[in-house]
Amino acid sequence: MASVLGVDRSADALVLAPGVYAPQSDTFLLAGALEREPLRPNAEVLDVGTGPGTLALAAARRGARVTAVDRSWRAVAATRLNAVLARQRVRVLRGDLLEPAAGRRFDLILCNPPYVPAPRPEVPRRGASVAWDAGHDGRAVLDRVCDGAADLLHPGGALLLVHSALSGVRATLDRLRGAGLDAAVVERRLVPFGPVLRSRADWLERQGLIAPGEEKEELVIIRADRV
C-alpha cells in the first residue's frame, strides 16, 4: 500500500491515493456545513463519494455512525486506512453513488459529487476526471443524487449537497423539490477557478456558462429536508 498511497499533511494528515479527489474548496465548504449541523448521538450519516474520507471522518469524530461510499477502490482503501489512523469507526463500501446504501435510512447524507460541465457528453469511467466531469451541463451525477436521496432519509433527515453554480442551482432545487424534499440554498461562496476550470475556460465561455475573462465560480451548499 505504501507504493500507492501518500500522506498529505496539509489535509489533517490524510492518506491520499493517486487519482482520488483531494480535499479542496468544495470539500471544506461542505465540512463547515457539517460542523454546524446538529447531530444526535449515534446519528446515521452517509457520505456519498467519500474520496479519502474527509467528511466521513469529520462526522465520525462527532459520534455519528458513518457509512462512506465511493466507486474507486483506491478511495475505499484510503478511507479505510484514514479511519484506522484516526481511530474512528467508518463503514466503507465500494459502489456507485447511493446504490450500496439501498434499503437503509439515514439522518444525514453528505454529497460532493462530480459536477463540472465538460466538453465530452459522457461521464468518464476511469481516470482522475471521474471525480469532477459530469457531462455537458454538469448534471449527469447531480440529477441521480437528487432523485434518489429522499428514499434514503429518515423523516426529519437532511441532504447536504455542494456543487458549482455552473451546473444549475435552480435545476437542483427543482429536482429535489420534485422528489418531495424541502430544499434551499444555505450558503454561497465565490472561489477562484481551479486547474480544471482554467483549462476549459474557453469552452465554458463558448457555452455561455461564464463571461469573458471570468476567473471565479460560485459554490453553493444546498440543504434538502425530508419533512
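General observations
- Rounded to the nearest 20 debye, the dipole size of the chain about its Cα centre is 720 debye, using +1 on the Cβ of Lys and Arg and -1 on the Cβ of Asp and Glu.
- In the stretch 148-227, the GluC sites (Glu not before Pro) that fall in loop regions by DSSP, at most 16 other Cβ within 10 Å: 214, 215
- Among 44-56, 93-105, sorting by the average number of other beta carbon atoms lying within 10 angstrom of each residue, highest first, gives 44-56, 93-105.
- Coupling constants for the stretch 211-220 follow from the phi torsions by the Karplus curve (6.51 cos²θ - 1.76 cosθ + 1.60, θ = phi - 60°), and in residue order they are 7, x, x, 5, 10, 10, 10, 9, 9, 10 Hz; glycine and proline get x.
- Helical segments meeting 18 Å axial Cα length and Kyte-Doolittle 0.0 threshold in the chain (DSSP H): 73-86
- Measuring max minus min along each principal axis, the C-alpha atoms of the stretch 23-157 give extents of 44, 34, 27 Å (largest first).
- Answer label for volume of the Cα convex hull per residue in Å³ (calculated), chosen among [x] 114; [y] 153; [z] 132: [x]
- DSSP finds beta bridges in the stretch 1-137, and of those with both partners inside it, around 15 percent are antiparallel.
- Cα-only Debye scattering, the stretch 101-175: base-10 log of I(q)/I(0) at q = 0.19, 0.24, 0.27 Å⁻¹: -0.79, -1.07, -1.20
- DSSP beta bridges in the stretch 106-227 [antiparallel fraction, %, rounded to 5]: 75
- 25 °C / 0.890 mPa s Stokes-Einstein diffusion coefficient of the stretch 147-227, Kirkwood radius on C-alpha pairs, µm²/s: 177
All of the numbers you see were taken from the coordinates with simple rules; none came from a lab. Note that this is a predicted model, so its numbers are computed, not measured. Glycine also receives a Cβ, built like all others from the backbone with ideal geometry; neighbour counts cover every protein chain displayed.
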